[in-house]
Amino acid sequence: MSKRFRNNLIIVILGLAIVFVLQNAAPVETNLFFISFTMPRAVLIAVTFVAGGFVGYLATLSGFLPNRKGASGARSRGETT
């Protein structure tokens, strides 16, 4: 990837991020169990996105998600998991 293309891509992504934040700047009230707090909608979406990525990462580390190579090998031999 050329350096010019990469720089242009970064500028476009940053521009879209700025538009996203400006359009989602309205405060929203969030209730989590017994706690209630107010934050901008963009922050809530970003926190949810990061939390989901973190949970997905932890799921792959703990072995909760099956190993694709092992699962496909068992199926081809007719074994059940």
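The values are calculated or read from the model by the stated rules, or taken from the named source; none is laboratory data. Since the model is a prediction, treat every value here as computed from it, not as a measurement. All Cβ positions, glycine included, derive from the backbone under ideal geometry; neighbour counts span all protein chains shown.
Just name the residue that is modelled with the lowest pLDDT out of those in segment 38-65 that are of a type in the set (G, A, S) and surrounded by 10 or more Cβ atoms within 10 Å (Cβ to Cβ).
Taking the candidates together, the pick is A59.
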Requested in this report: Name every residue in segment 1-37 that is under 15 Å from V47 (Cβ atoms) and either in contact with a Gly (Cβ under 7 Å, 6 or more places away or on another chain) or surrounded by fewer than 10 Cβ atoms within 10 Å (Cβ to Cβ) (or both), in order of residue number.
Outcome: E29, N31, L32, I35
Report summary line: Listed by first then second residue, the pairs whose first member lies in segment 18-46 and is free of Cβ contacts under 8 Å to residues at least 12 places away in the same chain, whose partner is surrounded by 10 or more Cβ atoms within 10 Å (Cβ to Cβ), with beta carbons under 8 Å and at least 6 positions apart or on separate chains, are E29/F37; S36/T30; F37/T30; T38/P27; T38/V28; T38/T30
